[in-house]
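Right, one structure below, let's go through it.
Just so it is clear, none of the values below were taken in a lab; they were calculated from the coordinates. Owing to the predicted nature of the structure, the values given are computational and were not obtained by experimental measurement. Because the Cβ atoms are built from the backbone with ideal geometry, glycine has one as well, and the counts that use them run over all protein chains shown.
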Amino acid sequence: MYVKAHLENLVQTPIPTKHGEFILHYYSNNVDAKEHIALVKGTVAGHENVPVRIHSECFTGDVLGSRRCDCGEQLDMALQLIAKAGSGVLIYLRQEGRGIGLLKKLQAYNLQDMGMDTVDANLHLGYQADEREYTIAALMLEDLGIKSVQLITNNPEKIDGLKALGINVAGRIPVEVVAHDSNRDYLKTKAKKMAHMLSEPKNEQD
């Protein structure tokens, strides 16, 4: 039986960060049991061209600072971009490992160490290359009253996914990190197999 997605903005509280103060919005929803949040800077309701980052959870990158991916660096860069703009939103979706969860992501890491790339590892485990979806993010943007967004992303599928959900994506803000030895192949795979809009990695060493 189809159930229409619904969410509720339960709590808003100030969060001081190294990039200034944001208001954290905690959302509940009837789709999953996960705790999705939005960090909001400045006034965004009724505004157009709001800088928005839809960031999917990456425990290893966001919390531990793992250099196997670019997630933690992208998270920090997005907050910095929003702070510099004076307003914007970072939505933090709890869909670890491009939607496959932490356990399977770590298993995929081991497969990558055996020679597979990030896409082939996911497929080998029985998943799609990217299982994320953005219904909750679209509902959060609607709840915040944003008219159009400048999406902070390198991923064209994310842009297409939000547009399909009725979000007015007016433009894109790139969020490229400098490649290094630990994530160079990962970034190349994202560009070649997942069509991420990335330039050729620079030759920085770890």
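Per-structure values
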read-out	value
Considering only the chain, percent of DSSP beta bridges that pair antiparallel, nearest 5	60 percent
Translational diffusion of region 1-115, µm² s⁻¹ [Kirkwood Rh, Cα pairs; Stokes-Einstein; 4 °C; 1.567 mPa s]	83 µm²/s
Percentage relative contact order, the chain, counting C-alpha pairs under 8 Å, at least six apart	20 percent
Helix-only CD estimate at 222 nm, as mean residue ellipticity for the chain, using -39500 (n - 2.57) per DSSP H run (n ≥ 4)	-9000 deg cm²/dmol
Contact order normalised by residue count of region 1-119, Cα under 8 Å, 6+ apart, percent	23 percent
Label point distance in nm, Asp160-Lys147, each placed 7 Å from Cα along Cα→Cβ	2.9 nm
Estimated FRET transfer efficiency when R0 is 30 angstrom, pair Leu10-Ser87 (beta carbons, to 0.05)	0.85
Reported label for calculated percent of Cα pairs over 26 Å apart given (i) 33; (ii) 41; (iii) 37	(i)
Per-peptide average of other Cβ atoms within 10 Å, ordering 62-73, 7-18 highest first	62-73, 7-18
